[in-house]
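The values are calculated or read from the model by the stated rules, or taken from the named source; none is laboratory data. Computed from a predicted structure; not experimentally measured. Neighbour counts run over all protein chains shown; Cβ positions are idealised from the backbone, glycine included. What goes into the accessible areas is simple: the full protein's heavy atoms, side chains included, and nothing from ligands, DNA or RNA. Shrake-Rupley method; radii C 1.70, N 1.55, O 1.52, S 1.80 Å.
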Amino acid sequence: MTDDTKKSPGRPRSTQSHQAMLQATLELLAEVGFDAMSIDAIANRAGVGKTSIYRRYSGKEELVADAIESIRQDVVIPDTGNLWSDIEALIENAAQITLSPLGRKTVAMIISSATTNSRFAQIYWTKYLQPRRLAFAVVLERAKARNEIHSNLDSGLVFDMMSGIMLYALIFPPTPESWSAYVSRALRLFLRETS
């Protein structure tokens, strides 16, 4: 067998197939929504067999959560030495992800799907929200160590409140300030009242 006729290793094809699955999932989410899409349609669009999908995922909910995660950036844990500089970095990172047209569509799909499908909500919480909640806790723990906030402040509650404000401001854009400025101002008010 010559070098020209050797088969390429299986891994690159596997990676390519996986990327095709994720891309097909995102496209179908945008076109027909979570409830109307099927594993058959995803497999057909990705050019893979259903068994290839089921080898990686237990069902549509897990695949969709992974597809969404694939377009998100890695968890950022800023460490500027100052709570408000860290929070501003987190808000800017969230703005870059959330305020794009794809980001807005994705948020709308997540809210809609999580409201009607508890399995998707649980998978999305575990794969996406929980790691970010833990990363945010690291930022607040550092601020506690620097005596910038009370040591008993509940980081989970602060993250949940910040997430709620971000979603609200996405649906009902604030005026005249920017989304980022509004989220920052709300968070400063909340932390001032709880610290």
Given the structure, is Ser155 without any contact (Cβ under 8 Å) to a residue 24 or more places away in the chain, open to solvent by 90 Å² or more (accessible area, probe 1.4 Å) and of a type in the set (Gly, Ala, Ser)?
no
Which count do you get for residues in segment 18-44 that are modelled with pLDDT under 85, among the acidic types (Asp, Glu) and under 19 Å from the mean Cα position of the chain (by Cα)?
0
Just to be sure, is Ile111 open to solvent by 50 Å² or more (accessible area, probe 1.4 Å) and among the β-branched types (Val, Ile, Thr)?
yes
What is the one condition in (1) at pLDDT below 90; (2) under 22 Å from Lys127 (Cβ atoms) that Ser8 does not satisfy?
(2)
Hey, which of the helices (runs of 4 or more DSSP H) in segment 83-190, taking only ones fully inside, have at least 3 residues that are more than 22 Å from Lys60 (Cβ to Cβ) and either of a type in the set (Gly, Ala, Ser) or within 21 Å of the chain's Cα centre (by Cα) (or both)?
83-98, 130-145, 155-171
Within segment 46-59, the residues that are touching a residue at least 24 places away in the same chain (Cβ under 8 Å) and open to solvent by 40 Å² or more (accessible area, probe 1.4 Å) are Gly47, Arg56
Which is surrounded by 17 or more Cβ atoms within 10 Å (Cβ to Cβ), of a type in the set (A, V, I, L, M) and free of Cβ contacts under 8 Å to residues at least 24 places away in the same chain, of Ala121, Ala94?
Ala121
Taking segment 33-45, which residues are crowded, with 16+ Cβ neighbours inside 10 Å and in contact (Cβ under 8 Å) with a residue 60 or more places away in the chain?
Phe34
